[in-house]
Amino acid sequence: MVALAKGLIESPSVRYAAIKWTGKVKNLIMGICISIILVGVCYIILSPIIGILSRAFMDPADLTNPLIFLIPQNFTIGHVTLAITAMGYWSSLLATLAYAVGFSVLNVLIASMVGYGFARFKFPGSEILFALVIVTIVVPVQAYMIPMFLNFRFFLGTNTSLIGSPLSMGLLTAGGVGLRTGLYIYIFRQFFRGLPKEIEEAAFIDGAGPLATYIRVMIPNAVPAIVTVVLFSFVWHYNDTFYSSLLITGNNFMSTRVMAVGPAAAALITGHDPLRVQMVVFASVLLAITPILTIYLFLQRLFVEGLERSGIVG
C-alpha cells in the first residue's frame, strides 16, 4: 500500500495537478497582495479629492454631526456659489485659459522645432547644447530668479520694464527657457528619434526640404507627443504661481485667486464662520481643478501613448 501510494503521488498526472494548483494559489495570493497595494495607493491619492468633494457640498451642520463622515446629509451648493463670487470665477477662468492655452501652443511650436533639430540634425556643439537643455530641467528656477527678474526690469540694459506684462513670459517661452520648456524639448527629441527615417527620406526624394518635411511629415505623426506637451504645459501654466507672481504682477489667474479666496469668502459670510470659510475654500479648489480633470478625461489615451513613445515612463 505504501509503495502504491508513493507511486501514485509520484505519477506525472498527480505531479502536474499539484504544480497547476500550486501556481493557481500563488497567482491568487499575488493578485490579492497587488489589489491591497493598489487600493491603498488609490486611497492615498484620491482621499484628499474625496474630502474636498464631500466638504464642498456639505452643510455646516453636518460637520458637527458625528454620524456623518463623507456623504452629506444636507446637500447644498451654496458654498460653490459663494466660491464663484469670491473668486470672480468666470473672469479668472477665462484669463487663466487664455494664458495657459496661448503658452501651451507656443511651447509646442518652439519645443517641436528644437526637438526635431536635435533628433535629426548633427552639427558642431549639438551635444553640448542638448546638455544645456537638460540642465534647464534639473536646475530650479529659484537659483536664477533674481537675474531673470532684473533682466526684465531693465530690459536690454534700459529703464524699460517688462515686469507685469505677459510679454516677459512670452520671450522666455519663445527663447526655449520658459516654464518646463526643456522637458518639452526632450519629449519631442525622443519622439522624433523613434520615428523611422524612411518617411523623411521619402519626403526628401519628393523634393521637400527640412522645413517642409517638419511641417508636412513629422508634425502630423507627432500627435501623441503634441498632446502630451500640451497637457503638461497647460496644467503647469494653469497651476503656476511662481512665474505669474514674479513676472505678471496683478494677474487674475486661477492659482492666485484660489490662494486669496479665504479672506474674500470671509467678507461674504455673515459672522465670519471659519467652518463655512473652509468649505468655500474647498469649493474653490474643486472649481479650479474641474477644467483640468475634464480635459484629461478626453485626452487620456493620447497622453499615455505620448509618454510611452517619448521614453519617459517610469
| request: May I ask you to verify whether residue 208 is aliphatic (A, V, I, L, M) and either in a loop (DSSP other than H, G, I, E, B) or touching a strand residue (DSSP E or B) at 6+ places or on another chain (Cβ under 6 Å) (or both)? | output: yes
| If you scan the stretch 86-109, which residues turn out to be of a type outside the set (Ser, Thr, Tyr) and either buried (at least 20 other Cβ atoms within 10 Å of the Cβ) or in contact with a Leu (Cβ under 8 Å, 6 or more places away or on another chain) (or both)? | 86, 87, 93, 100, 103, 107, 108
| Residue within the stretch 61-78 that is surrounded by fewer than 16 Cβ atoms within 10 Å (Cβ to Cβ), under 15 Å from residue 277 (Cα atoms) and touching a residue at least 24 places away in the same chain (Cβ under 8 Å) present | yes
| message | Suppose we keep only residues that are over 18 Å from residue 114 (Cα atoms) and hydroxyl-bearing (Ser, Thr, Tyr) within the stretch 150-195. Which one would you say is surrounded by the most Cβ atoms within 10 Å (Cβ to Cβ)? | response | 168
| field | Candidate set: the stretch 155-207, residues that are over 18 Å from residue 131 (Cβ atoms) and among the β-branched types (Val, Ile, Thr); chosen: the one farthest from the chain's Cα centre (by Cα) | value | 205
| When the stretch 64-82 is examined, which residues are found to be out of contact with any Phe, Trp or Tyr (no Cβ under 8 Å at 6 or more places or on another chain) and either in a loop (DSSP other than H, G, I, E, B) or at pLDDT below 75 (or both)? | 64, 65, 66, 67, 68, 69, 70, 71, 73, 74
| task | Using the structure shown, decide if residue 130 is at pLDDT below 90, on the phi < 0 side of the Ramachandran plot and buried (at least 16 other Cβ atoms within 10 Å of the Cβ). | result | yes
| remark: Reported set for the stretch 141-154 where residues are modelled with pLDDT of 85 or more and either part of a helix (DSSP H, G or I) or more than 19 Å from residue 166 (Cβ to Cβ) (or both) is 145, 146, 147, 148, 149, 150, 151, 152, 153
| Looking at (1) within 30 Å of residue 94 (Cα to Cα); (2) of a type outside the set (Asp, Glu); (3) outside any loop (DSSP other than H, G, I, E, B); (4) at pLDDT below 85, which is the only condition residue 164 fails? | (3)
| task | Quickly run through the stretch 264-275 and pick out the residues that are part of a helix (DSSP H, G or I), touching a Leu at 6+ places or on another chain (Cβ under 8 Å) and buried (at least 17 other Cβ atoms within 10 Å of the Cβ). | result | 265
| query | Does residue 204 qualify as being over 20 Å from residue 223 (Cβ atoms) and of a type in the set (A, V, I, L, M, F, W, C)? | reply | yes
| field | Residue that is farthest from residue 165 (Cα to Cα), among those in the stretch 97-138 that are part of a helix (DSSP H, G or I) and charged (D, E, K, R) | value | 120
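The values are calculated or read from the model by the stated rules, or taken from the named source; none is laboratory data. Fair warning: this is a prediction, and the values are worked out from it, not measured in the lab. As a convention, Cβ positions derive from the backbone with ideal geometry for all residues, glycine included, and neighbour counts pool all protein chains shown.
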